[in-house]
Amino acid sequence: MNELEKETGIIMALLQRLEQQRLPAILAIKKKVDQGERLEDHDIDFLKQMFADANKIKPIIDKHPEYQDLVAQLISLYQEITSKALENEN
């Protein structure tokens, strides 16, 4: 298996996890903060883990610009959630 095939496999697995697990959880957290609720510890832990995972895969994404728009949208969503959560704390 060459490097491109390996990276493609990793990206496909990550996209599947995003679609089936991460995105539904992220949207549930966004709905919560949009309703004025505060984040719970498990929500914060999830967001921290998501951010850490994004940093781990950054080298692969940097090589595949076709996914950079998706990553930018996820970062924007993360930013919206954290900004609104901070607002809800005040």
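In the stretch 4-16, is there at least one residue being in contact with a Ser or Thr (Cβ under 9 Å, 6 or more places away or on another chain) and either closer than 26 Å to L86 by Cα or β-branched (V, I, T) (or both)? So far as the stretch 4-16 goes, no, none of its residues is in contact with a Ser or Thr (Cβ under 9 Å, 6 or more places away or on another chain) and either closer than 26 Å to L86 by Cα or β-branched (V, I, T) (or both).
Could you check the stretch 41-84 and list, in sequence order, the residues that are surrounded by 11 or more Cβ atoms within 10 Å (Cβ to Cβ), charged (D, E, K, R) and closer than 13 Å to I26 by Cα? Matches in the stretch 41-84: D43, D45, E80.
Restricting to the stretch 16-37, give me the number of residues that are surrounded by 12 or more Cβ atoms within 10 Å (Cβ to Cβ) and farther than 23 Å from E5 by Cβ. Total meeting the criteria: 11.
What pairs can you find where one residue is in the stretch 53-64 and part of a helix (DSSP H, G or I), the other is of a type in the set (D, E, K, R) and surrounded by 13 or more Cβ atoms within 10 Å (Cβ to Cβ), and their Cβ atoms are less than 7 Å apart, with a gap of 6+ or different chains? Close Cβ pairs satisfying both conditions: I60/E7; K63/E7. E87: modelled with pLDDT of 90 or more, more than 25 Å from E5 (Cα to Cα), surrounded by 11 or more Cβ atoms within 10 Å (Cβ to Cβ) and not polar (S, T, N, Q), yes or no? Criteria not met by E87. Every condition in (1) part of a helix (DSSP H, G or I); (2) farther than 24 Å from A85 by Cα holds for V71 except the one numbered (2).
The values are calculated or read from the model by the stated rules, or taken from the named source; none is laboratory data. Every value quoted in this text rests on a predicted model; they were computed, and no experiment measured them. We place every Cβ from the backbone using ideal geometry, glycine too, and count neighbours over all the protein chains shown.
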